[in-house]
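Written out below as structure tokens is the structure these notes cover.
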Amino acid sequence: MWCRRLACLFKVPCQLSGSTRHHSPWLPRERRTVLAAAPRWHHTAPESLKCAWQLHGDHLELRYANTLMRFDFVWLRDHCRSASCYNAKTNQRSLDTASVDLGIKPKAVRVDETTLFLTWPDGHVTRYGLEWLVKNSYEGQKQQVMHPRILWNAEIYRQAQVPSVDCRSFLETDEGLKEFLQNFLLYGIAFVENVTPTKEDTEILAERISLIRETIYGRMWYFTSDFSRGDTAYTKLALDRHTDTTYFQEPCGIQVFHCLKHEGTGGRTLLVDGFYAAEQVLRQAPDQFELLSKVPLKHEYVENVGDCHNHMIGVGPVLNVYPWNNELYLIRYNNYDRAVINTVPYDVVHRWYAAHRTLTTELRRPENELWVKLKPGKALFIDNWRVLHGREAFTGYRQLCGCYLTRDDVLNTARLLGLQA
């Protein structure tokens, strides 16, 4: 859904043996071209629509599986998977990339039904599976998503009837853990039920999937509405939707909440899929989406309460995307912590405000709001790079604990269980 495919690929004249030549029809598979001895293009009518290729002065053009790909010659030499260039046991490159001649060209090229063969000037032969090339080419990546997700508003999430996972199954079985992680990866939130309502048991729960990230709030945080920190979260006031730690250079990836006790009213938790809202902006106002993905902003946290003295600054756009396919991977949205806008020139800032208003409107649509009443025994995991959270005002005594998790460890756990993450 986030992928924008290349609308068209233009052919340009190529340079070969010192002369400029125009594109010839696609060369068929099994056709062999020796560049050094080729004063002109060798071509015949294509025998197969499945695979065809064409050489240019500095790159190879390959059409396979309905994908038109272009490969720079240096790229083709650098990614060689032969035993002398790549260690298959460690999955690491052995070839010194800096040793590759930037003007390198293959001496011979051959393509059969499944494999591309390249012979280099020193006699070294590189082999690539055509399926591997489709998967790893720039053009192939534009057609894929890095992280499969299900975007949701409140109704979509309720209709999906995503189950909570029992604490014992989560802690003791791979099946329970895998079900939890699959829910988390697809929706950005996941629940574990029947957790003993203590900080210690919540810590055990969190450590099942990740290292706990140490922050200025400690390892496991535990708070009531005592304003012990210089943050609105430590009050009974309502909190508008936001992501946490926008003032970190790398915002915390996952947040864990567990309500241990609440003797009073209100205090429901608000959850909003930021990616769903951003998708609506992309569809309705792509120029504004682009602006929100490119304009850098500062967020800051200034605290001078008791012994706590902090001034943290994080920089980044509201929307962070992979540039090759426009897939969103992080939303940094916190109106409380946004610092003075002094990184944007005057002729851009008004357009940024308009774009920010469009996104805010989507985030605040009632149909996008999922309200959840946290209670003792029910732990909530939130993808802080995707899902915004907030709360309604409350009365009485309310006690929560939680922590932040390292994103890489959560994704690693998922991959070890065979999930795409």
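The values are calculated or read from the model by the stated rules, or taken from the named source; none is laboratory data. None of the values given here were measured: they were computed from a predicted structure. Neighbour counts run over all protein chains shown; Cβ positions are idealised from the backbone, glycine included. When the accessible area is computed, the model is the full protein with side chains, heavy atoms only, and any ligands, DNA or RNA have been set aside. Shrake-Rupley method; radii C 1.70, N 1.55, O 1.52, S 1.80 Å.
What to note about this one:
- Figure note: Arg398, Arg268, Arg70, Arg364 ranked by solvent-accessible area, largest first, 1.4 Å probe, ligands and nucleic acids not counted: Arg364, Arg268, Arg70, Arg398.
- The fraction of all Cα pairs in the chain landing in successive 10 Å bins from 0 to the largest distance is 4, 18, 23, 20, 16, 12, 6, 2, 0, given as whole percents.
- Kirkwood analysis of the Cα pair distances in segment 52-142 returns a hydrodynamic radius of 13.6 Å.
- Accessible-area composition of the chain, carbon plus sulfur, in percent [1.4 Å probe]: 51
- Simple rule: put +1 on each Lys or Arg Cβ and -1 on each Asp or Glu Cβ in segment 154-417, find the dipole, and look at Gly390, Pro376, Ile212; the Cα lying farthest toward the positive end is Gly390.
- The modelled label-to-label distance for the pair Leu237/Thr360, using points 7 Å beyond Cα in the direction of Cβ, is 1.6 nm.
- Fully extending the segment from Ile204 to Lys50, taken as 0.36 nm per residue of separation minus the present Cα-Cα distance, adds 50.1 nm.
- Phi-derived couplings, Karplus 6.51 cos²θ - 1.76 cosθ + 1.60 at θ = phi - 60°, listed residue by residue for segment 236-247: 9, 6, 5, 10, 6, 4, 6, 9, 8, 6, 5, 8 Hz, with x used for Gly and Pro.
- In plain terms, the chain from Gln161 to Leu416 could stretch by 89.2 nm, reckoned as 0.36 nm per residue minus the Cα-Cα distance.
- Spatial offset of segment 79-102 relative to segment 246-313 amounts to 41 Å, using the alpha carbon center of each.
- Along the axis of the charge dipole computed for the chain (Cβ charges of +1 for Lys and Arg, -1 for Asp and Glu, origin at the Cα centre), the listed residues Asn153, Gly188, Gln280 are led at the positive end by Gln280.
- Student exercise, segment 52-142 dipole from Lys, Arg, Asp, Glu Cβ charges, in Debye to nearest 20: 180
- For Lys50, the lysines whose Cα falls under 29 Å of its own Cα, not counting residues fewer than eight places away in the same chain, are Lys11, Lys105, Lys107, Lys135, Lys142.
- Formal net charge of residues neighbouring Thr126 (Cβ-Cβ distance under 14 Å; K, R +1; D, E -1): +4
- Solvent-accessible area per residue, Å², over the chain with all protein chains present [probe radius 1.4 Å]: 48
- Assuming charge only on the beta carbon of Lys and Arg (+1) and of Asp and Glu (-1), the dipole of segment 168-311 about its Cα centre is about 260 debye to the nearest 20.
- For the chain, the Cβ-based charge dipole about the Cα centre amounts to some 1300 debye (Lys, Arg positive; Asp, Glu negative; other atoms uncharged).
- Sequence-ordered 3J(HN,Hα) estimates for segment 324-330 from the Karplus curve with 6.51, -1.76 and 1.60 and θ = phi - 60° stand at 6, 9, 6, 6, 6, 10, 7 Hz, glycine and proline given as x.
- Length gained on full extension, Thr115 to Lys375, computed as 0.36 nm times the residue gap minus the Cα-Cα distance: 87.8 nm.
- Across Lys261/Lys378; Lys199/Lys236; Lys261/Lys373; Lys236/Lys373, pairs whose alpha-carbon gap is larger than 18 Å: Lys199/Lys236
- Ordering Leu62, Val305, Gly129 by the projection of their Cα atoms onto the charge dipole of the chain, which places +1 on the Cβ of Lys and Arg and -1 on the Cβ of Asp and Glu, puts Leu62 at the extreme positive end.
- Computed from the Cβ-Cβ distance with R0 of 30 Å, the FRET efficiency linking Tyr336 to Ala285 stands at 0.75.
- Net charge of neighbours whose Cβ lies under 13 Å from the Cβ of Gly316, counting Lys and Arg as +1 and Asp and Glu as -1: +1
- Take the Cβ atoms of Leu95 and Gln249, set R0 to 35 Å, and the FRET efficiency comes out at 0.60.
- Global form of segment 359-421, assessed from the alpha-carbon gyration tensor, a/c cut-off 1.5: oblate
- The chain: most fluctuating residue of Asp244, Asp58, Asp122 per GNM, C-alpha cutoff 10 Å: Asp122
- Residue-averaged 222 nm ellipticity for the chain, from DSSP H runs of 4+ at -39500 (n - 2.57), nearest 500: -7000 deg cm²/dmol
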